[in-house]
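Scroll down for the structure; my scribbles are underneath it.
The values are calculated or read from the model by the stated rules, or taken from the named source; none is laboratory data. All figures in this text were calculated on a predicted structure; none of them were measured in a lab. So basically every Cβ, Gly included, is an ideal-geometry build from the backbone, and we count neighbours across all protein chains shown. Just so you know, the surface numbers come from the protein's heavy atoms only, side chains and all, with ligands and any DNA or RNA stripped out. Shrake-Rupley method; radii C 1.70, N 1.55, O 1.52, S 1.80 Å.
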2 protein chains.
Amino acid sequence: MVQPEFEFLSNHILKRVQLTEEELNFMLSKFKLTKIKKRQFIVQPGFTAKYRNYVCSGAFRAYVVIDNGEDHTIQFAIEDWWITDYNSFFNDQPATMFVVALEDSVILQLSRENEDLLKQANHKYETFFRISAERAQAFHFRQLITNLTQPAEFRYENFLDKYSQIANRVPQYALASYLGMTTEYLSKLRNKRTSKQ
Amino acid sequence: MVQPEFEFLSNHILKRVQLTEEELNFMLSKFKLTKIKKRQFIVQPGFTAKYRNYVCSGAFRAYVVIDNGEDHTIQFAIEDWWITDYNSFFNDQPATMFVVALEDSVILQLSRENEDLLKQANHKYETFFRISAERAQAFHFRQLITNLTQPAEFRYENFLDKYSQIANRVPQYALASYLGMTTEYLSKLRNKRTSKQ
DNA sequence: ATAAAAAGTTGAACCAGATTAACTTTTTAC
DNA sequence: GTAAAAAGTTAATCTGGTTCAACTTTTTAT
């Protein structure tokens, strides 16, 4: 019987493309199961992000550090999400982001070489990655619109609404920088909210 | 001899995937040449975006209108760029954006049906769309980072640097809302800049 | 267990950028 | 060509959110 981690990924894949058992197993065989300890980095500036990572359990945070030392969260990933520095991964360039584990985690890693191999091997695999990219594209688009058009309080409420699971699991400073505000201000918003109801 | 509009698109495609003459022509045959007058809409909220649009000449602006009537520019597209409401196009849902011509323009339109047909017909076509989506993904990611981490003045200077061609061609109110600031403030930044050197 | 470090809170002072309003310049439509 | 509408400018005022600083609570390492 397959390990449960591969079971999660199987479901994820089959939701997006129809594969035969054989096709599925071939695809899965290209992934590498890796355990990551809390605070461990899976992507670091200066090094090329060699893997696309599927999170089976645990949580990650991607962030950039700018000149003055401030860090800005770009993405979170929990179970059933993907994370990497795509710019680095796709273009084989040094990463500009950090990706760090917020909890002890288990991930399935697909190297760029194996991804290319899959894409060439079978039209359906290519379809899978195309769909993933299209979804990510639409997701970031929506995020861009929200950041551009909505004030801080709405962004926070909205995030709570849509991703309460993540909101309650990640450190507050990380969430604040993801939402584009300071920890202090987020702390006030939180307080205001809980005292309201 | 082919029309120059198709020539532009051919170059665009061949930069991303290697196709035989026959494969290229089949792909091109699925596009529809359309002339669009200034101020004409090619995507409107409430209607599904039926086409992905390649701009041969002219300029477009995608924007959303929020409750209070303010509009926010989400994307510009000039020659050799694509534009549509991808959320609507991919998911066959009513659009939430407007896409309007800023100049008299010529575009090549690919319907969702024809895109699906191409994706199924040949692995290489699928590769083309996958590459497009991946690039868009990386692009929006970078944009998200800039918006999150940089102050208004930097965002403007940076845009001038990277997209001077667009900056000098689109109305100021559209650029201001794209950069996440008011027209008045952008006007001040411009002034400050020109008086500096 | 316990000390040290990291994360989160609270309040006062401040500022980047928004708002309002009156104006000038450019574009559009007839 | 010309009037009206749209776009852009300028200055005064205002505010959502930041910064700074002192503090409390939670987490981490030994």
Query raised in the report: Going by the alpha-carbon gyration tensor, a ≥ b ≥ c the square roots of its eigenvalues, is the protein assembly as shown rounded (a/c under 1.5) or, if a/c is not under 1.5, prolate (a/b greater than b/c) versus oblate?
Result: oblate
**Report entry** Lys/Arg +1, Asp/Glu -1 at C-beta; the protein assembly as shown dipole; positive extreme among A:Leu144, A:Asn191, A:Met181
**Finding:** A:Asn191
Query - A versus B: buried accessible surface, summed, Å² (probe 1.4 Å, to nearest 100) - result: 3400 Å²
Requested in this report: Using packing as a proxy for protection, rank A:124-130, B:183-189, B:143-149 so that the peptide with the highest average count of other Cβ atoms within 10 Å comes first.
Outcome: A:124-130, B:143-149, B:183-189
Query raised in the report: Where does segment B:4-112 land on the Kirkwood hydrodynamic radius, alpha-carbon pairs, in angstrom?
Result: 14.4 Å
Query raised in the report: Using Cα atoms only, what is the angle between the long axis of helix B:4-14 and the major principal axis of chain B, expressed in degrees (0 to 90) to the nearest 10?
Result: 90 degrees
**Report entry** Separation between Cα centres of segment B:131-176 and segment A:120-189, rounded to whole Å
**Finding:** 19 Å
Query raised in the report: Which whole number gives the average count of other chain Cβ atoms within 10 Å of the Cβ atoms across peptide B:126-135?
Result: 6
Query raised in the report: Once the Cα gyration tensor of chain A is found, what semi-axes does its equivalent ellipsoid get, as square roots of 5 times the eigenvalues, in whole Å, sorted largest first?
Result: 32, 18, 16
Query raised in the report: Which pairs, out of A:Lys50/B:Lys119; B:Lys30/B:Lys119; A:Lys32/A:Lys119; A:Lys32/B:Lys124, put more than 19 Å between their alpha-carbon atoms?
Result: A:Lys50/B:Lys119; A:Lys32/B:Lys124
Query raised in the report: Can you give the direction-averaged projected area of the convex hull of the alpha-carbon atoms in segment A:40-93, in nm²?
Result: 3.9 nm²
Report task. Calculate what fraction, in whole %, of the accessible area of chain B sits on carbon and sulfur atoms when a 1.4 Å probe is rolled over the protein chains. Result -> 49 percent
Report task. Subtracting the Cα-Cα distance from 0.36 nm times the residue separation, let me have the gained length for B:Thr146 to B:Gln3 in nm, one decimal. Result -> 47.6 nm
Query raised in the report: With the calculation restricted to Cα positions, what are the radius of gyration and Dmax of segment A:107-183 in angstrom?
Result: 17.1, 48
